[in-house]
1. Would you mind pulling out the separation of the Cα centroids of segment 452-511 and segment 372-386, in Å?
2. Counting only heavy atoms of the protein chains, get the accessible area per residue of the chain (1.4 Å probe) and round it to a whole Å² value.
3. Averaged over all directions, how much area does the convex hull of the C-alpha atoms of the chain cover when projected, in nm²?
4. Would you work out which of 173, 42, 193 lies farthest towards the positive end of the dipole of the chain? Charges go on Cβ: Lys and Arg +1, Asp and Glu -1.
5. Among the lysines, which fall within straight-line cross-link reach of residue 151, defined as a Cα-Cα distance under 16 Å, with same-chain neighbours fewer than 8 residues apart omitted?
6. Just list whichever of 289/389; 125/303; 66/107; 125/293; 153/289 have alpha carbons separated by over 21 Å in the model shown.
7. What value, in deg cm²/dmol to 500, does the helix sum -39500 (n - 2.57) over DSSP H runs of n ≥ 4 give at 222 nm once divided by the residues of the chain?
8. Between the helical axis of 445-454 and the dominant principal axis of the chain, each derived from Cα atoms, what acute angle in degrees is found, rounded to the nearest 10?
Amino acid sequence: MIENKGERDGMLGNWRRTHFCGDIWKYSYGRTVVVAGWVHDIRNLGGVAFLQIRDRTGSLQITLEKSTIPEIFDALVGLSRESVIMVEGTVTENPQAPRGFEIIPGKVKVLAESAVPLPLGVADKVFAELDTRLDNRFLDLRKREIYSIFKIKHEILDGMIRGLHGLGFVQVQTPKIVATATEGGTELFGVDYFDNKCYLNQSPQLYKQMLMGAGFDRIFEIGPVFRAEEHDTVRHLNEFISIDIEMSFADEWDAIDVLEKVVRIAVERASECRNEIESINDGRKTLNKLINKVNMNIGVQNKRIKKDNQRLKAAGEELKPLLKPKEKYDALDIKPIKKTVLSYMDNYNEEEAKKSGMPRVKYEECIDIAQRKRVAVEFGDDLSMEAMKTIEEVYPSYYFITHWPTEIKPFYVQPYENTPEVCRSFDLNFGSKEITSGAQRVHDISLLESNLVEKNLDPKNFDFYLAPFRFGMPPHSGWGLGLERLMMVLTGMRNVREVVLFPRDRYRVIP
Ligand code: ATP
Ligand code: MG
């Protein structure tokens, strides 16, 4: 028993964990340890039983011999999977055990028994649809490969925060309940706020800019934003985490430089998560096998449908659609971005950039690429997914799109002074996925006011925002990065819901 300061009562008493399962290795052989976790699986062979205990770092084998420890044997073999236990025992080498060692228990404590049956298996290798998994997310999150996604998220956030801190950015918090729409769109959730109608903020944009007027110089915020978009896609959520920065005395190229650095740090930190990458890959191996089985079944069903369709065709009736096989997952291999092109303006070498860094690509070139692939798009259009797919063929990794048409960008985006139809706005993409939008902002109050009117917004609603511009606003730039989009790219997940603990989409607010 591991001693604590003083006697403690309650269920835990003086029991405390000494090791996570994943932290026990050769060096612990012969030692007494206390592990705590969930009963992953029990194999009872009569005279001996093997119990796998699991925590967030992995699992290990507890070996129970009926003849030597009859009470402990009896206390544990009848437990349901996912019950919570603590075990004190000796780490003993055993080449037959899954990790080359086992724990021979001296004392055990059952802290909570799990009900049966489980609505979603944790140890079972059974295919479950994403919706079923999200309905039972607390169980889904117990799987190590799922937990690993969130551990990677934690690591990259830590890296990005440190990176921004190192670049002189100060972390701030701005209100999420607001009276005005940031961009005047209709994509806002209303909130009853005492006697008034307010909204959940769709972006910290206006507040970030006000802080530039306040002299904060370089700030960042990591917080939720809310968008009442009626999308039902694999990359849109109605609540997501935005990493926002704003910096003074800086143009869009300065903001791009900061973004490139921060993303590079995030990728590097993710690439260092070797255990997590390995557990995600173990999960994918199992998943791919399950998908094979599901697809075999789909194949059988499709044969039947094809047969039916022959008959339906002969009868001139409507044909049944074939079932779509499930896509398998590639192994995850996160590699740091080696070289980058930080100085675009003077000595930008496009070939070099395409090979090694994050190229800066003009919007015009994107239109050109899409048009050459016969996508119907022209200067002034937003880049549709169809257009983005063609650009992805040329730029499959991270790249910036710059020089956007002013007309399709928000009122606060600064146009180029000599070519006002093009603006100082940029996106960071990975292939066809947008990760970040940013720009140099307008800091001239009269241009801002006329832009608002042009976008059919009432400057009166923006009084609080416009005031700082009248009393000394420096030129400034910034961006907003969708954390979940970056996580999708890093972990190779196809659905953004996979990288959110409890996603909010049009159809889901529970759990
Ligand atoms: P998209 O065109 O992909 O819908 P957007 O241009 O409307 O995005 P911005 O207003 O530029 O989005 O938001 C900044 C960033 O926030 C985006 O680059 C993206 O990474 C992320 N983002 C935007 N909308 C969503 C959403 N609905 N769900 C998840 N992330 C989002
Ligand atoms: Mg955008």
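The values are calculated or read from the model by the stated rules, or taken from the named source; none is laboratory data. Predicted, not measured: the structure shown is a model, and the values here were computed from it. With ideal geometry, Cβ positions are generated from the backbone for all residues, glycine too; neighbour counts draw on all protein chains shown. Just so you know, the surface numbers come from the protein's heavy atoms only, side chains and all, with ligands and any DNA or RNA stripped out. Shrake-Rupley method; radii C 1.70, N 1.55, O 1.52, S 1.80 Å.
1. The distance from the Cα centre of segment 452-511 to that of segment 372-386 comes to 24 Å.
2. Per-residue value: 51 Å².
3. Averaged projected area of the chain's Cα convex hull equals 34.0 nm².
4. 42
5. Counting by Cα, and skipping residues close in sequence, residue 151 has these lysines nearby: 143.
6. Those over the limit are 289/389; 125/303; 153/289.
7. -10000 deg cm²/dmol
8. 80 degrees
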